Every structure is written in structure tokens, then in C-alpha cells.
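Heads up, the thing below is written out as C-alpha cells.
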Amino acid sequence: MKKVILIKYGELTTKKDNRNFFIKALKKNIFKKLSSFSFEIIDDYYRMFIIPNEDDIDDIVLKLKDIFGIHEIVIAYSDEDRSLDNIKKLSLDVISEYEGKTFKVVTNRSDKNYPIHSMDMNDKLGGHILRNTKLKVDVHNPDIMLNIEIRRNYVYVYVNGIPGLGGYPVGTLGRALLMLSGGIDSPVAGYQTIKRGVELYYLYFESRPHTSIEARNKVISLARKLERYNSGGKLFVVNFTKIQEAIYKNLDPDYLITIMRRRMYEIAERIAKRNICLAIVNGESVGQVASQTLKSMIAVNDVTNYPILRPLCSFDKLEIIDISKKIDTYEISILPYEDCCTVFVPRHPVINPNLKHIYEEENKYDFTELINEAVESVEEVDLVEKRSDLL
């Protein structure tokens, strides 16, 4: 008998003809996340089994809990001896490790050539446990759910799985560019996007000296938190100072945020295309602030035909905060360092911007040269390094 880690796929099982593609991607991501460990992976259409050094199991499970595409993680006992007597012994050994008063046996006989059917196995094992322990049977709400999986070469016995993150393996649905500010919303939007199998690159607009180096370091820290789930992302920093100052000095102050965001999307689209990102992601939630009304979104989207993903569009602020705490970005996000979206806030930001007026204002100033300069001077921050790029 030896311990193995059993992976249940969950949502991947809905993929039918494409399932093998998703399983292969999940396997690749697991190898990448567990590169510091020694282990073997066996996978098939229904399950994945990780055979590790037993001393590493707890550490490996911690890593697996951060990998999208896994529905459940199970520490199971496996044995090549699939005889009824041996399964009875294994069942008694495993169930004795858990506290409770009631139990239920659930057998999954994936090897249909095995001579004992699942219901018969449940009865035989249940009777053996009743005779040899003080436990009682409860088929509706048991304290201990004993699972038996009979496969072609092994039997697996386990109790209680550990919930995984679900979703799809990162990279299976392409790459997107996340507009990452220092606030609460955009990291959560990034997390929700990664969950759908989308790899992320990150884009941060800074406006120094109006924004501080602490604000940049805050965003770097947020990107590194997301890399716990994403892995391999790049952070691009755009110097937005000249563009922001030009808008502030020359155009209608009530439209400052709208026109500023239009310039951001023009820049984001060019960086996205350059880095083979198939969409732009932001943390907007409908109605949360003046710039996030539907009319404001139409006005901003007007400047690009690139796909814009808003994973939080229907979330309220408390839901977003709950997720930010879960993914450990909340305490970083509330650090008091302003980003470029908050340093030039107009006294009366327009809620229902008029596109005709926007065009009239933008005709007053040619942003082409400044946008080209911002795109060509983009700085890439190495997210693998721990401190050397924190200025």
C-alpha cells in the first residue's frame, strides 16, 4: 500500500472530444508548478494520479490547490492487490484514521471486468466495517465517506477530498492583457479571467512624478500574487505622464477620465497585438463609479474594436472584496498609494458622456506622437525576480 495523489477533473469532463487537450494542458501546468519535486504522473480520460515521494505530499498538495482545472485533490492509498480480502483490509486501515460515528461506502468500478459489482462491494465492505468498528451506517449524511476506486491495475481507497479551484487549465483559452491598477478590482478581474483558462500579461499606467514608485511596487506585488495562479506573465509599465498632462491642460475637465481611458485603450490594443494577447481585461463593474456606467463604457469602447473582457461587470463591491481577501491581494490593494486614475479626478466627472462632444474635444489636440512615444518606451518588469526591480 502506498500513498498517491488523485486529481479529479470536474468541469473538464464536459469537454467531450476536446477533453484530452485540456488534460494535456493541466498535466503540463502541474509539471511546471511542481518542478522542484520528484514525482510521476499517470493520467487517463477520467483521473490523474501523481505518484510522489510521500514526504512531499503535503507540500505538493499546497501547490495543487493553486492550479486551475482541478476540481478535487485526494490523498489516496493504492495497491496492486485488488482481491476482496485486501480491499477489506485497506478499507479498515484507512477508515480507522478518521474520527466520526457514521460512514458510507461508495465504490467506483471503472474496470467493468472486475467480478464484484459496485453495489455488492459496498455491501461487503460496509458489513466488514460494521463488524470491526463501532461505526454505524448513514447513507444520507455520513461523517466519513469511504471511497473505493477499482481500476484496471490498482485499487484506490480514500476519504474526503480537498476542493480544487475548478475552472480550466491556464493557457487553454489563449492570452489576454489585464489593465492592472493598484485598486481592489483589477486583480480580482485577473483572477477570474485566469480561472477560465486564459493566460495573463499585465499592463500598468504610471504618471510619475504624480504617482509614486510605491504605487508601481504595489502593482508589481499584485502581479506576483496573480502569478501564483497564472505563471509566466509579463508586466508592462507605460509612462502616461505626458498624455495625462495634455488632457488635463487642454480638454474639458469633466471629460478627463473618459478621454484618458480612451487613450489607455488605444495603447493597450497596440501592446496586446504586439504580445499576441487576444483580449483586453479590466476590473470594471457596472455602475460602481462614474466612469463605469454603460454609456461611459460605450464611449471608451468606441476607440477600439478589440475584445474587452469585464469579468466583474455584475459583481457588487462586497463580493469583489471577498475574493480579493481569498486570493490575498486585498491588503496590498488598500495601501494608500494613488495610481494615475485617481490623481487627476475631475470635480464633476461626466456620467453619460456624449460621443460627439468627445470627438470635438479630441480634435483640439493631436495625441498621435505622445501615444507612439508611450508605446515605444514601454518598460517590462521581470516578475520572476523578487526584489531587484523594486526601486
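The values are calculated or read from the model by the stated rules, or taken from the named source; none is laboratory data. Since the model is a prediction, treat every value here as computed from it, not as a measurement. Cβ atoms come from the backbone with ideal geometry, glycine included; neighbour counts cover every protein chain shown.
Can you find, within the range 90-106, the residue that is modelled with the lowest pLDDT among those that are surrounded by fewer than 16 Cβ atoms within 10 Å (Cβ to Cβ) and not in a loop (DSSP other than H, G, I, E, B)?
Out of the qualifying residues, it is ASP93.
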*asked:* Regarding the range 278-287, can at least one residue be identified that is surrounded by fewer than 17 Cβ atoms within 10 Å (Cβ to Cβ), under 26 Å from the mean Cα position of the chain (by Cα) and touching a residue at least 60 places away in the same chain (Cβ under 8 Å)?
replied: yes
*Scan of the range 287-310 for residues that are part of a loop (DSSP other than H, G, I, E, B) and either in contact with a helix residue (DSSP H, G or I) (Cβ under 6 Å, 6 or more places away or on another chain) or within 22 Å of GLU362 (Cα to Cα) (or both), ordered by number*: THR293, ASP302, VAL303, THR304, ASN305, TYR306
_Condition met for ILE129 (in contact with a Pro (Cβ under 7 Å, 6 or more places away or on another chain), part of a helix (DSSP H, G or I) and of a type in the set (A, V, I, L, M))_ = no
*Could you check, for the range 273-285, whether at least one of its residues is more than 25 Å from THR172 (Cα to Cα) and of a type in the set (A, V, I, L, M, F, W, C)?*
no
*Is at least one residue of the range 195-204 in a helix (DSSP H, G or I) and modelled with pLDDT of 95 or more?*
yes
*So which residues in the range 1-36 are farther than 21 Å from GLY174 by Cα and surrounded by 15 or more Cβ atoms within 10 Å (Cβ to Cβ), if there are any at all?*
VAL4, ILE5, LEU6, ILE7, LYS8, LEU34
_Only one of ILE73, ILE57 that is surrounded by fewer than 18 Cβ atoms within 10 Å (Cβ to Cβ) and either under 23 Å from the mean Cα position of the chain (by Cα) or closer than 21 Å to GLU227 by Cα (or both)_ = ILE57
*Complete set of residues in the range 29-54 that are among the aromatic types (Phe, Trp, Tyr) and either touching a residue at least 40 places away in the same chain (Cβ under 8 Å) or closer than 20 Å to SER231 by Cβ (or both)*: PHE31, PHE37, PHE39, TYR46, PHE49
_Whether any residue in the range 188-201 is of a type in the set (Lys, Arg) and within 16 Å of LEU165 (Cα to Cα) is what I want to check._
yes
